Structures are given as structure tokens and as C-alpha cells.
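Every number here is computed from the coordinates shown, using simple stated rules; none is lab data. Bear in mind that the values here come from a model prediction, so they are computed numbers and not experimental data. Note that each Cβ is placed from the backbone with ideal geometry, even for glycine, and that neighbours are counted across all protein chains shown.
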Amino acid sequence: MGFRSGELAVLEMMDSIGQKSSLRFSSFQANAALEASSFQFKPPPGADVIRQ
């Protein structure tokens, strides 16, 4: 994780086969208000959904 002026700026991850992913953030807003509707799961047609 990398920070700029106290805010998250970059997140780098290495997976089990050695591939590196780098996520860079701009206009980061901590604790931003989000609508619950932003998190509705809609599986694609043909996907298997297992419910417990």
C-alpha cells in the first residue's frame, strides 16, 4: 500500500503464480456515503448460484 498526503494512493498485490496487480487511486474519498442499491448481486445468465 502506498499513501500520498495521508490518503491511499496505490495498492500492489502479488498472486500465487507471481503476477503483480497494481491499483492506483485518484480522488479517494474515505467514508463516502454509498447507496445500498450499489451492492446488488446480479449473476450472469447461466451462472450457478449456491444458496446456504
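What residues have an amide H closer than 5 Å to that of ALA9, excluding those fewer than 5 places away on the same chain, when H is modeled at 1.01 Å from N in the peptide plane?
GLY2, PHE3, ARG4
Could you work out how much longer the chain between LYS20 and SER38 gets when fully extended? Use 0.36 nm per residue separation minus the Cα distance between them, nm to one decimal.
Net length gain for the segment: 3.7 nm.
Using packing as a proxy for protection, rank 4-15, 21-32 so that the peptide with the highest average count of other Cβ atoms within 10 Å comes first.
For the peptides 4-15, 21-32, the packing ranking is 4-15, 21-32.
What is the chain's relative contact order, in percent, from Cα pairs under 8 angstrom and six or more apart in sequence?
Rounded, it is 21 percent for the chain.
Which label marks the calculated value of Rg and Dmax of the Cα atoms in Å, given the options (i) 16.7, 46; (ii) 16.9, 55; (iii) 13.3, 42?
Derived directly from the coordinates: (i).
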